[in-house]
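The structure appears below as structure tokens.
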Amino acid sequence: MSVLRINTSAAVGELDFSKPPPTPRRLPSLPQSGPASRPRPRPLPPIPRALACKKCQSLVTSVSLLLPLESIPVHSRAFRGFSNRVSLFTEIQNVRLSPPKVRLMSSGAHTVQELCCVKCSCYLGFKILRAHERSERWKEGHYLLELEKLAARLDNYRPRIPYRRHISSDSEDSIS
């Protein structure tokens with residue numbers, strides 16, 4: 001036979017405030033079944049990667065070909081062109097280069113070639129062939145493109161491929 005001991009030192013109706021009240025123990029919630037219980041991942045918006053001529057939509061370059069920020073000196077990160085916003089790129093395509101000219105810019109003299117779209121002959125920017133200032137030599141060989149003249153194309157752009165019916169080799173043998 002078990003004996004139950006009761007603490008009779010505290011009178012009925014008295015509370016012991018010296019100790020914090022015990023927190024109730026909570027059990028983990030049960031997993032719910034069904035497709036509504038799982039959080040659905042939201043589709044991400046398409047990211048513009050390709051940059052094209054704004055006038056004729058001819059592909060010029062990609063966002064991934066921007067000159068990395070680490071290779072641009074801190075004192076030279078505010079480029080300005082004719083349309084005020086420009087960026088340096090490492091590679092471009094579908095452009096025509098003009099003969100080299102020496103231009104005096106805010107950062108010094110540079111030998112440059114103007115870039116025009118092959119399709120519509122729209123001015124897009126210039127290629128820096130030579131920087132005559134020693135502190136600007138890091139720009140040589142890169143392309144300075146006017147962002148006002150470019151339009152972003154989305155990654156999910158794919159040309160439609162017409163449906164072709166495939167015939168297995170077994171069916172070809174049975175026909176002949």
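Rule-based calculations on the coordinates, nothing more; no lab input. As the structure is a prediction and not an experimental result, all values here were calculated from the model. A quick note on method: Cβ atoms are made from the backbone with ideal geometry, for glycine too, and the neighbour counts reach across all protein chains shown.
What the table below lists for this structure:
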read-out: Local electrostatic count, S98, Cβ distance below 12 Å [Lys/Arg +1, Asp/Glu -1]; value: +3
read-out: Relative contact order computed over the range 46-109 (Cα-Cα under 8 Å; 6+ residues apart), in percent; value: 27
